[in-house]
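Have a look at this one before I ask anything.
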Amino acid sequence: MKKILSAFLISTAILFTTGCGAEEDDANVVIVYNWGEYIDPEMLEQFEEETGIRVIYDEFETNETMYPKVEIGAAEYDVVCPSDYMISKMIQNDLLMELDFERLPNAKQNIGTQYWQQSEGFDPGNRYSVPYCWGTVGILYNKTMVDEPITSWAQLWDEKYRDEILMQDSVRDAFMVAEKIYGYSMNTLDEKELSAAKDALIAQKPLVQAYVIDQVRDKMIGGEAAIGVIYSGEAIYTKYENSDLEYVIPEEGTNVWIDSWVILKNAPHKENAEKFIDFMCRSDVALKNFEYITYSTPNEAAKALIEDEEIRNSPIAFPDLTQYDNLETYIYLGEEGDTLYNELWKEVKSY
């Protein structure tokens, strides 16, 4: 379902430009900043062929590495794909352009109502963002390497899985896991709750094989670890590659997230950015993109085109969220909140 990484790198090597600002005087380009391995390269090529607009493409690993580069204008990007809470931060800091949805007809027509409603939590009025992908954070485990079904975040602290546990190398995701065990909100700013979560992560650290991002996928497929914290889209792909793997939303609850397209306020190619986002919201394009990256699409028209009924009804790709308790979406916690979490995360990592 997903092309191998080497093919991706070959394709994007043609499109990727490190000095994005170098082409800023060229009106016939669009400069896109997106997560790694988060788009079908053939869709970039198709966009170029259909529109004559050249795509300059750059990638980031986390919201926290993306934001400062955008904030200081290190490169003049047009389109960026942040996550929910980071979009809220960008709105508050006046980094985003208000969208003209008359120029985004596919977005208006194809994105499902529930995703617009969820986006209201970080983009009131849906003025600045268009949902691109969504999903949950859960546990992926190898059924041949555990003694019982995995149902709880607490099992990531089980001594018998020492050096078989993979945690996300992300401050919010790591703290979310610990916070949920205690029944705390993953958006808590209570210092006692955060201190308890920090202590739990420090206590867990000797059991953790590695803190990873994309590597969790390959390690789990290869049987290098028994349990890993993973995004649902990655879980879909890994299960295709290794039938021994199972994904679960833990009983204590989790994060339901949305990554969305935004246009930066200082975007040098606004009209091209609008064309790019609307192209990505076209049902046939969104379908091909879903088939490549395997992250859940909020594009209802694309979902209706999925021929494989098992995939279309997958509880991983398109779960019935009403079955679960304590689901939350990250919110922006302010500069002081960011600083507090980051300082606590440094303590965990340096312990």
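The values are calculated or read from the model by the stated rules, or taken from the named source; none is laboratory data. Being a predicted model, the structure only gives us computed values, none of them experimental. Here Cβ is always computed from backbone atoms with ideal geometry, including for glycine, and neighbour counts include all displayed protein chains. Ligands, DNA and RNA are stripped out before the accessible areas are found, and what is left, the full protein with its side chains, is counted by its heavy atoms. Shrake-Rupley method; radii C 1.70, N 1.55, O 1.52, S 1.80 Å.
At 1.4 Å probe radius, can you tell me the per residue accessible area of region 99-151 in Å²?
I get 43 Å² per residue for this part.
Excluding ILE181 itself, what net charge comes from residues whose Cβ is under 12 Å from its Cβ, given Lys and Arg +1 and Asp and Glu -1?
Residues near ILE181 contribute -4 overall.
If you don't mind, another one. Given R₀ = 25 Å, FRET efficiency for GLU343-GLU159 by Cβ-Cβ distance, to 0.05?
That pair, GLU343 with GLU159, gives E of 0.30.
Round to a whole number: what % of the accessible area of region 175-247 belongs to carbon and sulfur, probe 1.4 Å?
The computed percentage sits at 44.
Taking θ = phi - 60°, what integer Hz values does the Karplus form 6.51 cos²θ - 1.76 cosθ + 1.60 yield along region 123-140, in sequence order, with x for Gly and Pro?
My calculation for region 123-140 gives 9, x, x, 6, 8, 10, 9, 10, x, 10, 9, 8, x, 10, 10, x, 10, 9 Hz in order.
From the phi of every residue in region 161-168, what ³J(HN,Hα) in whole Hz does the Karplus formula 6.51 cos²θ - 1.76 cosθ + 1.60 yield, where θ is phi - 60° and glycine or proline is x?
Those phi angles translate into 9, 3, 6, 10, 10, 10, 10, 6 Hz.
For the chain, set up a Gaussian network in which alpha carbons nearer than 10 Å are linked by springs, and say which option among SER185, SER119, SER296 fluctuates the most.
SER185
Can you give me the three principal axis dimensions of region 202-338 from its C-alpha atoms, in Å, biggest first?
Largest first, region 202-338 extends 51, 47, 31 Å along its Cα principal axes.
Next up: Return the whole-Å distance between the Cα centroid of region 222-240 and the Cα centroid of region 122-139.
Rounded to whole Å, the Cα centres lie 22 Å apart.
Can you list the residues of region 224-266 with backbone N under 18 Å from a point 7 Å past the Cα of ASP320, pointing along Cα to Cβ?
Only 248-251 fall inside the zone, counting backbone N under 18 Å.
Check which residues have an amide H placed less than 5 Å from GLY36's amide H, if you skip close sequence neighbours.
PHE60
Which label belongs to the value computed from this structure, given these candidates for mean projected area of the Cα convex hull in nm²: [x] 16.7; [y] 26.8; [z] 17.7?
The calculated read-out lines up with [x].
Using a probe radius of 1.4 Å on heavy atoms only, what accessible surface per residue do you get for region 166-262? Whole Å² is fine.
31 Å²
Let me ask another. Full-extension gain between ILE72 and SER185, please, as 0.36 nm times their residue separation minus the C-alpha to C-alpha distance.
Additional length available on full extension: 37.5 nm.
Determine ³J(HN,Hα), in whole Hz, for all residues of region 108-121 in sequence, where each value follows from phi through the Karplus function 6.51 cos²θ - 1.76 cosθ + 1.60 and θ = phi - 60°; x replaces Gly and Pro.
The phi angles translate into 4, 7, 9, 6, x, 4, 5, 7, 5, 5, 5, 5, 4, x Hz.
Okay, helix-only estimate at 222 nm for the chain: each DSSP H run of n ≥ 4 adds -39500 (n - 2.57), divide by all residues, round to 500 deg cm²/dmol; what do you get?
-12000 deg cm²/dmol
With a 1.4 Å probe and every protein chain left in place, tell me how much accessible area ILE72 has, in Å² to the nearest 10.
In the full protein context, ILE72 sits at about 130 Å².
Starting from the amide H of VAL212, placed 1.01 Å from N in the peptide plane, find each other amide H under 5 Å away whose residue is 5 or more places distant or on another chain.
MET167, GLN168, ASP169
Inverting the mean 1/r over all pairs of different Cα atoms, compute the Kirkwood radius of region 256-333 and quote it in Å.
Across region 256-333, the inverse of the average 1/r is 14.7 Å.
Which loop-located trypsin sites (Lys or Arg not before Pro) does region 138-183 contain, where loop means any DSSP state but H, G, I, E or B and the Cβ has at most 14 other Cβ atoms within 10 Å?
LYS143, ARG162
In what order, largest first, do TYR128, TYR324, TYR33 sit by accessible area if the probe radius is 1.4 Å?
My answer, sorted largest first, is TYR324, TYR128, TYR33.
In nm, to one decimal, how far is the modelled label at SER195 from the one at ASP26, with both set 7 Å along Cα→Cβ?
Those two pseudo-labels are separated by 5.6 nm.
Leaving out ligands and nucleic acids, and using a 1.4 Å probe, what accessible area per residue does region 43-96 come to in Å²?
36 Å²
I'd like the distance between the alpha-carbon centres of region 193-219 and region 83-109, rounded to an integer number of Å.
Using only Cα atoms to place each centre, the spacing works out to 32 Å.
Report the semi-axes of the equivalent ellipsoid for region 87-174 in whole Å, largest first, where each axis is √(5λ) for an eigenvalue λ of the Cα gyration tensor.
For region 87-174, the ellipsoid semi-axes come out as 39, 16, 10 Å.
So what does THR144 come to for accessible area, using a 1.4 Å probe and Å² rounded to 10?
Roll a 1.4 Å probe over it and THR144 shows about 100 Å².
OK, next. How big is the antiparallel share of DSSP beta bridges in the chain, given as a percent to the nearest 5?
In the chain, DSSP labels about 55 percent of beta bridges as antiparallel.
What nm value, rounded to one decimal, do you get for the distance between PHE101 and GLU307 when each label is placed 7 Å out toward the C-beta?
For the pair PHE101/GLU307, the computed spacing is 3.3 nm.
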